[in-house]
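Below is one structure, written out as structure tokens, with a few remarks after it.
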Amino acid sequence: MVKASTLQRFGAFIIDIAIIIFVYSIIIRFVNVNIKIPQMGEEVINAMGDDLKAFYLKDPSSFPLRIFSADSNISNAYQAWIQSNEYLSFYASYRNALFSLAGIIILIITSIVFIYMVILPYFWDKQTVGRLILKVKVVNEDETKPSFLTYLIREVVGGVLINLLNVFFFVIAIINIVFISKKNYTIGDMISKTKLIRYDEESKAIKESIVDSDDDILKADTNENKIESNVEEYEIVVDPEDNWNDKNE
């Protein structure tokens, strides 16, 4: 089989990501998430003091940005406020609500990715919609169908590793998807010992042309070997008397 091109790999990735985002947007609309992000109440605002409170009420939406350019009196008031009991209590509830919401979002996205990128390819020969459209699929290095564990290692472990690289080394995920080695293998491919191949008509033609050229080379080598063997088998017999007569004449 012919390996998938960089454009095919990238195109399938973009299509699959778009589908995952679309499915997530539908699910999140119907999932009733009873988590409310707390807002600062009057008690927390009044704990600011008169000067900081007046500064805050000028434009509450830009308060976090404006505080960095405020004068020393406002900055000192701000430092005292964020250490007050009122603010600490509000911040604790605000942080817990954000973590809970983020946990639900991560759980939903992880479930969608697991079903779409691991379970679906295992049971469906076309694997994913992106790979179906671009006519590519994941196979083992010997071009057999990957096992469920192989899909799991390729997508989950490979995905986790590249996300860690993104977080700690600011590596763009597209670099991993498009080109991670000279052989066009991603991290997931190298870990799971898989590759992405083409199965379109053009790849079949390329494969057939390669097979034909290999056959031609094999035939040429065979004919050459036959000629060499014939030459080696052919012996010229020279009569010694003929040579003696030639010399006497």
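The values are calculated or read from the model by the stated rules, or taken from the named source; none is laboratory data. Just so you know, these numbers come straight off a predicted model, no measurement behind them. For neighbour counting, all protein chains shown are included, and Cβ atoms are generated from backbone atoms with ideal geometry for every residue, glycine included.
Yes/no per residue for (1) loosely packed, with under 13 Cβ neighbours inside 10 Å; (2) closer than 21 Å to THR6 by Cα; (3) touching a residue at least 40 places away in the same chain (Cβ under 8 Å):
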| residue | (1), (2), (3) |
| --- | --- |
| ALA97 | no, no, yes |
| LEU107 | yes, no, no |
| VAL138 | no, yes, yes |
| THR144 | yes, no, no |
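Would you confirm whether or not the range 123-134 contains a residue that is surrounded by fewer than 16 Cβ atoms within 10 Å (Cβ to Cβ) and of a type in the set (Ser, Thr, Tyr)?
No, the range 123-134 has no match at all.
Tell me, yes or no, whether the range 10-19 has at least one residue that is within 30 Å of THR144 (Cβ to Cβ), touching a Leu at 6+ places or on another chain (Cβ under 7 Å) and aliphatic (A, V, I, L, M).
yes
Each row is one residue, and each column tells you yes or no for (1) of a type outside the set (A, V, I, L, M, F, W, C); (2) free of Cβ contacts under 8 Å to residues at least 12 places away in the same chain.
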| residue | (1), (2) |
| --- | --- |
| SER5 | yes, no |
| ARG9 | yes, no |
| ALA12 | no, no |
| ILE15 | no, no |
| ILE20 | no, no |
| VAL31 | no, no |
| ASN34 | yes, yes |
| PRO38 | yes, no |
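Within the range 48-85, track down each residue that is among the small types (Gly, Ala, Ser) and touching a residue at least 12 places away in the same chain (Cβ under 8 Å).
Of everything in the range 48-85, those that are among the small types (Gly, Ala, Ser) and touching a residue at least 12 places away in the same chain (Cβ under 8 Å) turn out to be GLY49, ALA70, ALA77, ALA80, SER84.
Kindly provide the set of residues from the range 57-112 that are charged (D, E, K, R) and farther than 17 Å from GLY41 by Cα, ordered by number.
Hits for the range 57-112 are ARG66, ASP71.
Do we have ARG66 as among the charged types (D, E, K, R) and closer than 30 Å to ILE108 by Cβ here?
When the stated conditions are applied, ARG66 does not pass them.
Could you run through the range 63-87 and say how many residues are modelled with pLDDT under 90, under 24 Å from PRO38 (Cα atoms) and exposed (fewer than 10 other Cβ atoms within 10 Å of the Cβ)?
Of the residues in that region, 3 qualify.
Which of the residues belonging to the range 146-165 are surrounded by 15 or more Cβ atoms within 10 Å (Cβ to Cβ), of a type outside the set (A, V, I, L, M) and modelled with pLDDT under 85?
GLU155, GLY158, GLY159
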